[in-house]
Amino acid sequence: MATQKGRRDPLKSNLSAQLHTLEALMALLLVIGVIIYTVQATSLTPLTSSTANAHIEAQLQILGQDMLNSLDHSEYGQDSPLKKDILNWNGKYYTWNSQQYGSTSGENLTNSSTAEVLRSVAVGRGIAHNVEFAWIEEDGTMRSMRYIYNGEPSDNAVIITKRVLLSDSDFPDTDPTSFRQNSGIRDADQSTDLYNLIDVKLTLWRM
């Protein structure tokens with residue numbers, strides 16, 4: 001029997017309502033699925049670094065890079081503060097003793113721009129730090145020695161490196177005997193003006 005004009009078919013209305021309900025249910029399930037996937041993908045476990053640790057590591061990386069960049073900057077025709085520290089190095093390593101950097105023999109680290117920057121920036125912020133010098137030996141092997149040492153780094157430590165070129169012309173004497181005897185850094189290529197390449201490794205971590 002045909003429905004009267006102007007009246008809605010109850011069967012069609014019921015079917016339309018069911019379709020809307022089904023669409024709403026599917027949309028809800030989709031949203032819940034997305035939320036579950038997102039939570040599982042970004043959840044932190046005890047074996048992963050926390051967001052806070054990752055943020056601290058990124059800050060330390062930037063801080064260390066800025067320190068080495070500033071130390072390696074030099075005016076035209078002048079040696080950088082970092083190169084001067086290497087040329088003045090006596091082969092010993094120094095530790096922060098809450099007042100200054102001192103060696104095991106009681107000698108203090110003076111006239112060191114690297115020590116001054118670390119004391120102003122790292123010590124004041126409670127950031128532990130090590131500095132190492134690495135270079136190429138005459139037989140082609142790498143050798144590394146401590147310059148500033150404050151203990152073993154934590155798992156969240158960051159390492160920043162800077163390479164410094166030493167030339168024969170960097171020494172006032174024709175034979176850099178005293179520098180070689182004090183530091184142990186030898187001329188890697190006696191046939192050229194190149195003396196050696198020094199890798200400065202700065203390690204920073206939160207105590």
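Worth pointing out:
- Residues of region 195-207 that turn out to be crowded, with 20+ Cβ neighbours inside 10 Å and assigned to a loop (DSSP other than H, G, I, E, B), as a count: 0
- Breaking point among (1) within 18 Å of I127 (Cβ to Cβ); (2) loosely packed, with under 12 Cβ neighbours inside 10 Å; (3) of a type in the set (S, T, Y), for T192: (1)
- Sole residue being in contact with a strand residue (DSSP E or B) (Cβ under 9 Å, 6 or more places away or on another chain), of a type in the set (S, T, Y), farther than 23 Å from L109 by Cα and not in a strand (DSSP E or B), chosen from S191, S154: S154
- A single entry from N156, N182 fulfils the requirement of being touching a residue at least 40 places away in the same chain (Cβ under 8 Å) and under 30 Å from I62 (Cα atoms): N156.
- Within region 170-179, tally of residues that are touching a strand residue (DSSP E or B) at 6+ places or on another chain (Cβ under 9 Å) and free of Cβ contacts under 8 Å to residues at least 60 places away in the same chain: 1
- Looking at S120, S74, just one residue is surrounded by fewer than 16 Cβ atoms within 10 Å (Cβ to Cβ), at negative phi, among the hydroxyl-bearing types (S, T, Y) and in a helix (DSSP H, G or I), and that residue is S120.
- Residue match in region 97-106 (condition: buried (at least 18 other Cβ atoms within 10 Å of the Cβ) and without any contact (Cβ under 8 Å) to a residue 60 or more places away in the chain): yes
- Taking region 131-180 as the range and being under 20 Å from Y94 (Cβ atoms) and surrounded by fewer than 11 Cβ atoms within 10 Å (Cβ to Cβ) as the test, the residues that pass are S144, E152.
- Qualifying residue in region 35-58 (condition: touching a strand residue (DSSP E or B) at 6+ places or on another chain (Cβ under 7 Å) and either at pLDDT 65 or above or aliphatic (A, V, I, L, M) (or both)): yes
The values are calculated or read from the model by the stated rules, or taken from the named source; none is laboratory data. Model, not experiment: these values are computed from the prediction. Neighbour counts run over all protein chains shown; Cβ positions are idealised from the backbone, glycine included.
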